[in-house]
Amino acid sequence: MREDQTELEKKARDLLHSRGVEIKDIAELVYYLQAKYFTDLTMDMCTYNVNRVLAKREVQHAILTGIELDVLAEKNQLSEPLLNIIQRDEGLYGIDEVIAYSIVNVYGSIGITSYGFIDKQKPGILNELNDLSSGKIHTFLDDIVGAIAAAASSRLAHSYAGDLNGQ
Ligand code: MG
């Protein structure tokens, strides 16, 4: 763990863990997205880029906001009709995706196409999060996790091209 982690970053990481999402799960999504473009891609490179994305304040804010709404919905502590919309993960409700865009935008447009792709494919942890039989509400979390993976993919691609300047 980096020593310069802020309290906010620690909280965001703890929240992901508490909802069953590990860094390794997100790194596997990055690998899924990028393995076809980089033949020498390793899980270490994927993990490194996920950790860099999680260090961004916009990303931490999105995690805190989305997971809070999921947890409140799980405890029936939101008002209607929002409670029902979030509990059912209603198809026409797109605010979970709007929150995800605040993450994918951090590293530019490759993140947006990767997010759309992975949101449709739902590999790995995304499939688990979408399993409604678990009794858990992950209306926001699935989009957030997909968006972190997409942003990390975009970061990886840009850093390969050498144009990130340490962002
Ligand atoms: Mg969703």
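The values are calculated or read from the model by the stated rules, or taken from the named source; none is laboratory data. Quick caveat: nothing in here was measured; it's all calculated off a predicted structure. Note: ideal-geometry Cβ built from the backbone for every residue, glycine included; neighbour counts use all protein chains shown.
Quick notes
- Residue match in the range 153-163 (condition: at negative phi, within 16 Å of the ligand (Cβ to nearest atom), more than 12 Å from the chain's Cα centre (by Cα) and without any contact (Cβ under 8 Å) to a residue 12 or more places away in the chain): no
- Once the range 1-21 is narrowed to residues that are at pLDDT 95 or above and basic (K, R), the residue that is nearest to L72 (Cα to Cα) is R19.
- Complete set of residues in the range 1-43 that are without any contact (Cβ under 8 Å) to a residue 60 or more places away in the chain and among the polar types (S, T, N, Q): Q5, T6, S18, T39, T42
- In the range 94-122, the residues that are within 10 Å of the ligand (Cβ to nearest atom), under 12 Å from the mean Cα position of the chain (by Cα) and either aliphatic (A, V, I, L, M) or surrounded by fewer than 15 Cβ atoms within 10 Å (Cβ to Cβ) (or both): I99, A100
- Lone qualifier among I125, I137 - being crowded, with 19+ Cβ neighbours inside 10 Å and within 13 Å of the ligand (Cβ to nearest atom): I137
- Of the residues in the range 63-72, at least one is among the hydroxyl-bearing types (S, T, Y), within 16 Å of the ligand (Cβ to nearest atom) and in contact (Cβ under 8 Å) with a residue 24 or more places away in the chain.
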